[in-house]
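Each remark here refers to the structure printed beneath this line.
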Amino acid sequence: MANHKSSLKNIRSTETKRLRNKYQHKTVRNLIKKLRGIEDQKEVQILLPTVVSLIDKLAKRNIIHSNKAGNLKSKLVIGLTKIS
């Protein structure tokens, strides 16, 4: 266990950040699953910009890699254009 006050604070803040990142990542994954399950084109047009924006935010904050974000967005757009 850590002996310095700064180390203890670092442990606390790291845990807080880890939980926040985990929550945000899980939320985006759930939205992606929801988006892939939608069959109505109008609903897709409403939800797609929100999901893409959230994916970009995850990549910006280094929660996911930027290449993974690009792959996710590409696969979403390709898959959802087949619906129309």
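The values are calculated or read from the model by the stated rules, or taken from the named source; none is laboratory data. All values derive from a computational prediction rather than experimental measurement. As a convention, Cβ positions derive from the backbone with ideal geometry for all residues, glycine included, and neighbour counts pool all protein chains shown.
Would you point out the residue of segment 30-40, among those that are assigned to a helix (DSSP H, G or I) and surrounded by fewer than 12 Cβ atoms within 10 Å (Cβ to Cβ), that is modelled with the lowest pLDDT?
So the residue we want is GLY37.
List pairs: first residue in segment 45-69 and touching a residue at least 40 places away in the same chain (Cβ under 8 Å), second residue in a helix (DSSP H, G or I) anywhere in the structure, Cβ distance under 6 angstrom, at least six positions apart or on different chains.
ILE63/ASN21; ILE63/HIS25
Answer yes or no: is there a residue in segment 63-76 that is modelled with pLDDT under 95, in a helix (DSSP H, G or I) and within 14 Å of the chain's Cα centre (by Cα).
Within segment 63-76 (the criterion being modelled with pLDDT under 95, in a helix (DSSP H, G or I) and within 14 Å of the chain's Cα centre (by Cα)), the answer is yes, since at least one residue qualifies.
Somewhere in segment 5-13, is a residue part of a helix (DSSP H, G or I) and in contact (Cβ under 8 Å) with a residue 40 or more places away in the chain?
Checked segment 5-13: no residue is part of a helix (DSSP H, G or I) and in contact (Cβ under 8 Å) with a residue 40 or more places away in the chain.
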